[in-house]
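Novice: Let me begin by handing over the structure; questions about it come next.
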Amino acid sequence: MGETSSRKPAIDITSRVGRPVHELWPIMTSAAGVNAELNPLITMTFPQAGFDFSSAPLNRPLFTSWILLFRFLPFDRHTFVLNEIGPSHFVETSHTLLQKLWRHERYLTEQGNGAKVRDVVTVIPSLRFLSPLTNCIVAAIFRHRHRRLARLYPPT
């Protein structure tokens, strides 16, 4: 993917959770599931009609979402684009008001009676000099998400 493939991800994090992939996938690809991971720091708005990863067209904008700090303060606008979708992974390459590029890869793999969840996130801020700060913020958000995953679906 050109510029992204040569950039170091802001974070590459893997956690083990206590639910199998077939149970996690529909949750993690839903608006409620995404916001359960992000809460209480951040929430995202979603289309009222919802969205379905399995039938979403690839490589074109699906919807635009407000990113809300503490559930009420809009601080970014995310245009959501899916590039790749599989039975247990997706690659989203989107953009926001603050990010020229937002690439989020999520992979779920079976592990015993649970699963491993791996997120790889690469960002290119609109203002390049903000890269170090942006990477720190993105890493903190995804560490928070993985702590939430461990609480929501504790490993057995």
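Novice: Please identify the longest segment of the chain free of exposed chymotrypsin sites (Phe, Trp or Tyr not before Pro), where exposed means a DSSP state other than H, G, I, E or B and no more than 11 other Cβ atoms within 10 Å.
Specialist: 73-156
Novice: Determine the dipole magnitude for segment 69-156: charges of +1 sit on the beta-carbon of Lys and Arg, -1 on that of Asp and Glu, nothing else is charged, the reference point is the Cα centre, and the result goes in debye to the nearest 20.
Specialist: Value, rounded to 20: 340 debye.
Novice: Counting only the backbone N, which residues of segment 67-101 are under 16 Å from the spot 7 Å out from the Cα of E23 toward its beta-carbon?
Specialist: In segment 67-101, the label zone of E23 (backbone N under 16 Å from the point 7 Å along Cα→Cβ) covers no residue.
Novice: Okay, next question. What distance in nm separates the simple spin-label points at H89 and I13, each placed 7 Å from Cα in the Cβ direction?
Specialist: 2.0 nm
Novice: Of H89, H104, H22, which has the largest mean-square fluctuation in a 10 Å C-alpha GNM of the chain?
Specialist: Among H89, H104, H22, the largest GNM mean-square fluctuation belongs to H22.
Novice: If you filter segment 1-100 for GluC sites (Glu not before Pro), then keep DSSP loop positions with at most 11 other Cβ within 10 Å, what is left?
Specialist: Passing both the DSSP loop test and the Cβ count: E3.
Novice: Given Cα pairs under 8 Å that are at least 6 residues apart, what percent is the relative contact order of the chain?
Specialist: Result for the chain is 29 percent.
Novice: Gain in length, N113 to T45, computed as 0.36 nm per residue apart minus the alpha-carbon separation, to one decimal in nm?
Specialist: Working it through step by step, the gained length comes to 21.2 nm.
Novice: Given charges of +1 on the Cβ of Lys and Arg and -1 on the Cβ of Asp and Glu, with all other atoms neutral, how large is the dipole of segment 11-152 about its Cα centre, in debye to the nearest 20?
Specialist: Dipole about the Cα centre, nearest 20: 380 debye.
Novice: Right, here's the next one. Tell me which of A150, I67, F129 sits at the most positive position along the dipole axis of segment 25-156, charges placed on C-beta atoms (Lys, Arg +1; Asp, Glu -1).
Specialist: F129
Novice: Given Cβ point charges of +1 (Lys, Arg) and -1 (Asp, Glu) and nothing else, what value in debye, to the nearest 20, does the dipole of segment 1-68 about its Cα centre take?
Specialist: In debye, rounded to 20, segment 1-68 gives about 120.
Each value in this text was obtained by applying a stated rule to the coordinates, not by laboratory testing. Worth saying up front: this structure is predicted, and the values here are computed from it rather than measured. Every residue, glycine among them, receives a Cβ derived from its backbone with ideal geometry; neighbour counts consider all protein chains shown.
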